[in-house]
1. How far is it, in nm, from the label point at residue 282 to the one at residue 67 when both lie 7 Å from their Cα along the line to the Cβ?
2. By counting other Cβ atoms within 10 Å of each Cβ, how are 319, 148 ranked from fewest to most?
3. What is the percent of Cα-Cα separations in segment 221-287 that go past 14 Å?
4. Scaled to the compact-protein estimate 2.2 N^0.38 Å, what is the alpha-carbon radius of gyration of segment 8-132, rounded to two decimal places?
5. Over segment 210-349, what is the relative contact order in percent, taking alpha-carbon pairs closer than 8 angstrom and at least six residues apart?
6. Helix 167-188: angle to the longest alpha-carbon principal axis of the chain, degrees 0 to 90, nearest 10?
7. Using Cα atoms only, what is the angle between the long axis of helix 127-142 and the major principal axis of the chain, expressed in degrees (0 to 90) to the nearest 10?
8. Sorted from largest to smallest, which semi-axis lengths in Å does the alpha carbon gyration tensor of segment 235-386 give for its equivalent ellipsoid, taking the root of 5 times each eigenvalue?
Ligand code: ATP
Ligand code: MG
Ligand code: MG
C-alpha cells in the first residue's frame with residue numbers, strides 16, 4: 001500500500017509544514033491513513049498527525065472530513081459536549097513519492113475501546129465505567145447531531161479513543177526517559193544499540209495501567225472519516241455490519257437515529273464483551289435477513305409500514321411485513337438476555353434494558369438529548385447543569 005496513490009512513507013525525524021512539525025513515532029494506521037506522533041517545534045507541543053493516502057478518492061473524502069472537523073471545532077467549543085468529540089488542530093498537504101497527501105493534526109489520544117473490551121477478556125467492562133462512557137458518548141453525540149448537524153455513521157468501539165488528561169506531560173517524561181536509556185545504550189554497548197527507537201516510546205501507552213483500578217475514564221468520539229451532514233449524505237452504504245440500523249439495511253430513510261442504534265449495540269458490547277447482533281448467512285437466507293430477524297427477536301415486531309418503507313424492503317418482507325425467508329422467530333427480550341445469558345442481576349438487567357431499549361426502537365428512536373436524562377446515568381459524572 002506504500003505505492004502511488006497509497007500511504008506516504010513517513011520516517012522518524014521527517015519534517016512537515018515548512019519544518020514546523022517533526023515525526024517522532026507511529027501511533028496507528030487505518031484503511032485511509034497512517035497516524036504519527038509529531039512535535040510542534042514552534043510551541044513544543046505534541047499532536048497526532050493523520051497522513052491520508054494520496055489517490056483522488058481518499059483526498060476528496062479527507063477534505064470533507066476536514067470540513068466536518070472544522071465545524072466541530074468552531075461551532076461551540078465551550079459546550080460540554082464538544083469535549084467528547086475529536087476536533088482538528090491544523091491541516092496541510094505533503095508531497096512525496098506516492099503523490100500529494102492531505103494531513104490533519106489532532107490532540108494525542110490513546111487506545112480505542114476495543115482494547116478496553118479485550119483488557120477485560122471479553123467478559124464485560126464494569127458497569128460504573130460503562131456508564132461514564134455512555135454519558136460522554138451521549139454528550140458528544142448530542143453536540144454532533146444538534147449543534148453541528150453531523151451524523152458519525154460509523155460508531156463502534158474502534159472509533160472511540162481513550163485518553164489521559166495529562167498526556168503531554170507523560171509523553172515528555174517518557175521521551176526524556178527513553179533518551180536517557182538510549183544515551184546509556186550508546187555508551188555501554190558496541191553497535192548493538194542501533195535499534196534506536198523503542199517500540200513504544202510512550203511507555204505503558206496512553207491509557208491507564210491495567211493493574212490500577214480505573215476510576216475515571218475519558219473518551220472522545222474519533223474517526224469522522226465516514227461522517228456526513230444531516231442534510232447531505234455522501235452514501236447510503238453506512239455503518240459497520242454489527243452496528244447497522246434496520247432502516248439502513250432495508251434502504252429506508254435514515255438520520256441521526258442511525259448513530260443512536262449503533263450506540264446501543266456498542267454499550268451492550270462494553271457491558272457483555274459480546275456483539276448485540278452478529279448475523280450470519282445460511283443456505284436459505286442472507287446475512288441481512290438474519291440481521292433483521294435478530295432485531296425483531298430482541299425488540300419485537302416491526303410495523304409493516306416501517307418494514308416496507310425502504311427501497312430494498314421487498315427483498316426481505318412480504319406484503320404483510322413478515323420476513324420472507326425466516327418464518328420462525330424465537331423471541332428473547334433484552335432484559336432476559338442480560339439476565340439469562342450474561343448473568344446480570346434481575347435489577348441490573350431491568351435497568352440496562354430500560355436504558356437501551358429506547359435506542360433500539362424501530363421508529364421514533366430516542367435522541368442523545370433525551371437519553372442524557374435517563375435514570376441509569378443519574379449518578380454518573382459529568383453532571384448535567386441546567
Ligand atoms: P479507518 O477508517 O480504517 O478506521 P482511518 O485511516 O480513517 O482508519 P483513523 O481511524 O482515524 O484512520 O486512525 C487510525 C488509527 O490511528 C486509530 O485506530 C488509532 O490507533 C490511531 N489514532 C488516530 N487518531 C489518533 C489520535 N488522535 N491519537 C492517537 N492515536 C490516534
Ligand atoms: Mg477508524
Ligand atoms: Mg476512517
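1. Modelled inter-label distance: 4.5 nm.
2. Values: 319 8, 148 23.
If I rank by nearby Cβ atoms, fewest first, I get 319, 148.
3. Numbers: 1417 of 2211 pairs.
Counting every Cα pair in segment 221-287, those more than 14 Å apart make up 64 percent.
4. On the way: Rg = 16.5 Å, N = 125, 2.2 N^0.38 = 13.8 Å.
Against the empirical 2.2 N^0.38 Å value, I get 1.19 for segment 8-132.
5. Values: 135 pairs, mean separation 24.3, N = 140.
Relative CO of segment 210-349 lands at 17 percent.
6. For 167-188 against the chain, the angle is about 40 degrees.
7. Taking the Cα atoms of the chain, the angle to 127-142 is about 90 degrees.
8. Working: eigenvalues 152, 69, 34 Å².
Output for segment 235-386: semi-axes of 28, 19, 13 Å.
Read-outs: derived from the displayed coordinates by stated rules, not from any lab. What you are looking at is a predicted structure, and each value in this text was computed from that prediction instead of being measured. Glycine gets a Cβ as well: all are built from the backbone with ideal geometry, and neighbour counts include every protein chain shown.
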